[in-house]
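The values are calculated or read from the model by the stated rules, or taken from the named source; none is laboratory data. Values in this document were obtained by computation on a predicted structure and should not be read as measured data. Here the Cβ positions follow ideal geometry from the backbone for every residue, glycine too, while neighbour counts run over all protein chains shown. The protein model used for the area step is the full one, side chains on, heavy atoms only, and it has no ligands, DNA or RNA in it. Shrake-Rupley method; radii C 1.70, N 1.55, O 1.52, S 1.80 Å.
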Amino acid sequence: MRSTIVTAVAALALMGAGALTVPAAYADQDQPDLVATTGELLPGAVEEMQAEAALPDPALDSPSAQLATAQRVTTGQALPQDPSATLALRDLWVSKSQLRGTERRAAEAMLARPSDGSNDPAGFGYTVPEQPPLCNARLCLHYVGSGIDAPPSAEWAAQSLAVMDAVWASEVDSLGYRPPLTDGIKGGGPQFDVYLKDLGGDLYGFCSGESKRKSRTATGYCVLDNDFSAAQFPTGTPEGNLRVTAAHEFFHAIQYAYDYAEDRWMMEATATWMEERFATDVNDNRQYLNRSQLYLPDMPLDMFSQSGGFQYGNWIFWEYLSTNYGVKFVNKAWKQAGSLKGDGGKNSIAALQKLLKGKGGLTKVYAKFAAGNLTPAATYPEGADYPAPRVKGQKALSKSKRSKRFRTRINHLSSTSYRFRVGQGLSAKKWKLRVNVSGPMKRTSPAAAVTIQYLNGKVKTKMVRLRRNGGGSLKVPFSGRSISAVSVTLVNGSTRYRCNRRTVLACNGVPLDDKARFSVRGQVVKR
């Protein structure tokens, strides 16, 4: 999985002193096989992943503990509970000012640029002198001419600079995001610095924070693998891996110009979404879809899991928003989340609530997203290429078997869907399906969406109007002449948290409305 340093900055700022407890499923491996190839969660996976979400955020640990974590993960001795190298380095950067003496010097050495050579004990330092960097007006590409860190050719170095420049043109010039903040003369000049380094097959690249500026903004630099060789990166091509990594990591540097400590799921999900904007033909981000709400709707949208990787898969939520409200929507979200004067200064969920207030509200939009995921071909520009998701339960209703009830519990910003198929004896036009929903109190933001699937391939979605007590009903066509099935998506749209409670969820908070009870009954009736 692609590691990112922006995720690293929030991890050190959140770790609490004292050992983290690790759910049993994560004890043996960093990436447990909790998800089947179909995207279906294996038994017990939801409970294990939710337990991980409830752990203290590693970025709340003491600076000394963060230093120890960064030393482990950058030397291949990581523990199962440790964050990625990039996340650990970011967190160390955030908290290094609290360190003194030997620990402070060790932290500064670990955060050194590759050009600092042997001063970087993490192994990111060059072992031979740099070549003259390749620079244009806004970027400098640094590399060496020999040894393990050297690019395969001078042409590859030039291509790397050209790709980074194209990424800048796409993300800053075309999409309108802020450029990374200038670092003065570090790296030889005011340009943004990018380094080529042999990183290996687990780490494609990272963009590290370096110097804090106003509010929660900072300068930084990026490091990319020097060649993306097939031996180390067997998936994709070197050129494709370079393009998606450059797009993803550079967007983290852009995020530093807004708020380097924003909610972690938003930072990673939007960076993965950016891959689609710059390199839509590569489709590298599809590898994360089996851990997205397309196929795991019962995992909270704001879930950050070092092992599960849901924050990468949920780029699909931002794809839904940009498809329906324009590609600039994500830019507006970062402006609402930004920390500078004139920005919104909000956490990820509050930023979404502000932007979606005039579009029906976050709960309604989220419910339509959850329902739309049942038919990706009708919902996403490339959705016809996505495997069809499964519903949690389904039942064929007929003239002799006219009703079925499903019950479930749903966590915040999650959903569960059930399908009622048209069975025998319902060919007359008069047949309808009455959907009765029972959910929690309306103040906790429950929702229900009904998706009608027609035999001609047409799809129509209707919202169930819920009363104050969480109950509601809707009657829809259910004739075998025109309808194949009706699906009901039950949604816990709660965004109520007790914030700043040392979790990895939105606002570092504890959700107040998890495990909400829902039920749905489908009943075949005549007009």
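Quick one: how many residues across segment 344-353 are surrounded by fewer than 18 Cβ atoms within 10 Å (Cβ to Cβ) and under 15 Å from Tyr258 (Cβ atoms)?
Of the residues in that region, 1 qualify.
Can you find a residue in segment 134-148 that is closer than 30 Å to Leu340 by Cα, over 23 Å from the mean Cα position of the chain (by Cα) and among the β-branched types (Val, Ile, Thr)?
Within segment 134-148, none of the residues are closer than 30 Å to Leu340 by Cα, over 23 Å from the mean Cα position of the chain (by Cα) and among the β-branched types (Val, Ile, Thr).
Working only within segment 366-412, note down all residues that are assigned to a helix (DSSP H, G or I), among the aliphatic types (A, V, I, L, M) and open to solvent by less than 20 Å² (accessible area, probe 1.4 Å).
Within segment 366-412, Ala367, Ala370, Ala371 qualify.
In segment 301-318, how many are within 17 Å of Pro389 (Cβ to Cβ) and either open to solvent by 10 Å² or more (accessible area, probe 1.4 Å) or touching a Gly at 6+ places or on another chain (Cβ under 6 Å) (or both)?
Residues that pass the stated criteria total 0.
Which condition from (1) on the phi < 0 side of the Ramachandran plot; (2) touching a residue at least 12 places away in the same chain (Cβ under 8 Å) is the one that Lys460 breaks?
Looking at each condition in turn, Lys460 falls short on (2).
Name the residue, out of Ser479, Ser473, that is surrounded by fewer than 18 Cβ atoms within 10 Å (Cβ to Cβ), free of Cβ contacts under 8 Å to residues at least 60 places away in the same chain and in a loop (DSSP other than H, G, I, E, B).
Of Ser479, Ser473, the one residue that is surrounded by fewer than 18 Cβ atoms within 10 Å (Cβ to Cβ), free of Cβ contacts under 8 Å to residues at least 60 places away in the same chain and in a loop (DSSP other than H, G, I, E, B) is Ser479.
Answer with yes or no whether Glu275 is closer than 30 Å to Ile185 by Cα, outside any loop (DSSP other than H, G, I, E, B) and among the acidic types (Asp, Glu).
For Glu275, the condition - closer than 30 Å to Ile185 by Cα, outside any loop (DSSP other than H, G, I, E, B) and among the acidic types (Asp, Glu) - is met.
Residues of segment 128-165 being open to solvent by 30 Å² or more (accessible area, probe 1.4 Å), more than 16 Å from Pro238 (Cβ to Cβ) and either out of contact with any strand residue (DSSP E or B) (no Cβ under 8 Å at 6 or more places or on another chain) or in contact (Cβ under 8 Å) with a residue 40 or more places away in the chain (or both), which ones?
Pro132, Pro133, Cys135, Asn136, Ala137, Arg138, Gly145, Ser146, Gly147, Ile148
Can you tell me how many residues in segment 452-508 are farther than 20 Å from Asp263 by Cβ, modelled with pLDDT under 95 and among the hydroxyl-bearing types (Ser, Thr, Tyr)?
0
Could you tell me whether any residue of segment 193-203 is closer than 30 Å to Ala506 by Cα and modelled with pLDDT under 95?
Within segment 193-203, the first condition is being closer than 30 Å to Ala506 by Cα, and the residues that meet it are 202-203.
Applying the additional criterion that residues be modelled with pLDDT under 95 yields 202-203.
Among the residues of segment 193-203, at least one is closer than 30 Å to Ala506 by Cα and modelled with pLDDT under 95, which makes the answer yes.
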